[in-house]
Amino acid sequence: MAKKNYDQMAAEIIEKVGGKDNISLCFHCITRLRFNVKDMSLIETEEIKKIPGVLDAQVVGDQFQVIIGQDVAKVYDVVCTVADIAKQEAVNENLDNGAKKKFTFMTLIDAITGCIVPVLPIMLGVGLLKAVLIILSMLHILDNTGSTYAVLSFVADAGFYFMPVYVGSTAAKKFGGNPALGMLMGAMLLSPTFIAKVGAGEAMTIFGLPIYNASYANSFFSTIIIVFVMSQIEKVLKKYVPQMVSSIVVPLGVILIMTPLNFVVLGPLGSYIGIYLSKAVIWLYETIGFVGVALLAAIRPILVMTGMHTAFTPYLLQSLSSLGYEAFYSPASFIANMNQGAACLGVALKSKNSSVRSTALSSGITAYIGGVTEPAMYAINLKYKTPMIASMIGSAVGGLYAGLMHVGMYSLSTGSILGIVAYVSDNPMNLVHMAIGLGIGTVVTVALSFIMYKDDPAEMEG
């Protein structure tokens, strides 16, 4: 797509969402523009869907989402320029808006994912690094007792170990606080002195209040809760502290107020949430086992369409951080993603319409190689329905096998076929079983898609 088309697309999107004055916040994920607007009634959803380059548009929770696909970052940059929106200012404007908004489950999920999404590049990078180290060691290319392996290994570990610091910064930006203070909130949980005392089981107090001995390395729930509270306290202090001394008094006040809150109340609260969330999903997995993986793989497209797939992000990251692997959501999600591309392949093999065949093939390749499934979902599978049914059945079968074999993901990776390296572990069969499950799902999906799909006579005549 040429650059001038990004300009045109951005201008039309801005106009159809009610103009730049209706936008209180705009950000993006890997495939979607996500708008928080002042008046939903001004949005012309059906007109937005007709804009060239837009795959779909929908309201999810309190957000209006425009599905673009892999070009979303380029469109987003132009939207910000055309609408005269500075990214940081847009977040602050939304958070400082005095209008009361209805709190929903998706509001909570959006807040959590908004804190986590910016640090995903770190987790993706170190996750792949871990997988590469295992592969190089298994192939005897790199000695796992050598210095090079040790250095690369602790670099990879740092990506998760210092999670409270990374999330402290992103959470502060999300909630309208000072990113530097946000990082401090996370860093104090990782203080070597604190960690040493926790390890020794030594009792600690602050202002006479008992401190809960817990390890916060690799965690993020505690940091998100802490920084949310910190941002509110910071705003109150800024409101009442004279401007002349604000730059000194506000940080000091935040630190003095938040330190006991962090160690006595908020940190333990976040720790318990993370622990029991993981235990709940593990209990569910142990109770329904492989059937759960199959069911989750089958309904994954529905979760993506409604935005509910983001609800699994906190659990997924918590499981990777605390257990070192995740064996429920990840295998199901990976197989389901790839089968969106497989369903398109079945259509490409069957269709006699050159336009449909071309779209199906390019969408399938995008899903497999780029890990972006929206073009496959909206341009082919949902449009013609039978390919989507085929993908759901194939995903269920592939997920059933992966669940039976207890396949687990050991590092965060991309959603493309290259993401299979995330299933590399000390047990080589984990990767083998993932490949078999993926293969079974692909064969079933392609076959069913080929059998069930029929060209639309109207399109053939056109």
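Each residue of segment 267-272 is assigned a 3J(HN,Hα), and the resulting list reads x, x, 4, x, 4, 5 Hz, derived from the Karplus form 6.51 cos²θ - 1.76 cosθ + 1.60 (θ = phi - 60°), x at Gly and Pro. Counting only protein chain heavy atoms and rolling a 1.4 Å probe, the accessible areas of Lys383, Lys454 rank, largest first, as Lys454, Lys383. Among 435-448, 367-380, 135-148, the peptide with the highest mean count of other Cβ atoms within 10 Å heads the list, and the full ranking is 367-380, 435-448, 135-148. Where (i) 44, 23, 19; (ii) 38, 27, 19; (iii) 40, 31, 18 are the candidate values, the label of the one calculated here for semi-axes √(5λ) of the Cα gyration tensor in Å is (iii). Between Asp7 and Ser355, full extension at 0.36 nm per residue minus the direct alpha carbon distance yields a gain of 122.7 nm. When the solvent-accessible area of the chain is split by element, carbon and sulfur atoms take up 67 percent of it, the probe being 1.4 Å. When the Cα centres of segment 240-275 and segment 391-434 are compared, how far apart do they sit, in Å? So the two Cα centres are separated by 42 Å.
What the Cβ-Cβ distance of Ile451 and Phe207 gives, at R0 = 60 Å and to the nearest 0.05, is a FRET efficiency of 0.25.
Once backbone amide H atoms are built at 1.01 Å from N, Leu25 has Asn36 as its partners under 5 Å, excluding neighbours fewer than 5 places away on the same chain. The phi torsions of segment 352-361, fed into the Karplus equation with coefficients 6.51, -1.76 and 1.60 and a -60° offset, translate into couplings of 9, 8, 4, 5, 5, 4, 5, 5, 5, 5 Hz, rounded to whole numbers, with Gly and Pro shown as x.
Cα-based radius of gyration for segment 1-55, normalised by 2.2 N^0.38 Å, reads 1.10. Here segment 220-289 is treated as an ellipsoid with the same Cα gyration tensor; its semi-axes, largest first and in whole Å, are 37, 10, 6.
Give me the percent of Cα-Cα pairs in segment 176-251 that sit more than 17 Å apart, rounded to a whole number. Looking at segment 176-251, the distances longer than 17 Å represent 56 percent of pairs. Approximating the spin labels as points 7 Å out from Cα along Cα→Cβ, the Tyr272-to-Ile369 distance works out to 5.1 nm.
Ordering 339-345, 66-72, 299-305 by mean Cβ neighbour count within 10 Å, with the highest value first, yields 339-345, 66-72, 299-305. What value, in deg cm²/dmol to 500, does the helix sum -39500 (n - 2.57) over DSSP H runs of n ≥ 4 give at 222 nm once divided by the residues of the chain? Estimated from H runs of four or more residues: -20500 deg cm²/dmol. Calculated accessible area for the chain comes out at 46 Å² per residue, all protein chains present (probe 1.4 Å; ligands, DNA, RNA ignored).
Each principal axis of the Cα cloud of segment 263-371 was taken in turn, and the coordinate range along them, longest first, works out to 66, 28, 24 Å.
Placing R0 at 35 angstrom, the Cβ-Cβ distance between Val59 and Ala200 gives a FRET efficiency of 0.10 after rounding to 0.05.
Given q = 0.17, 0.21, 0.24, 0.26 Å⁻¹, what are the Debye log10 I(q)/I(0) values for segment 253-307, with equal point scatterers placed on the Cα positions and solvent ignored? Listed by q, the Debye log ratios stand at -0.71, -0.82, -0.92, -0.97. The protection proxy used here, the mean number of other Cβ atoms lying within 10 Å of each residue, ranks peptides 408-417, 241-250 as follows, highest first: 408-417, 241-250.
The values are calculated or read from the model by the stated rules, or taken from the named source; none is laboratory data. What you see is a predicted model; the values in this text were computed from it and never measured. Note that we place each Cβ from the backbone using ideal geometry, even for glycine, and neighbour counts take in every protein chain shown. Side chains included, ligands, DNA and RNA excluded: accessible areas come from the protein's heavy atoms. Shrake-Rupley method; radii C 1.70, N 1.55, O 1.52, S 1.80 Å.
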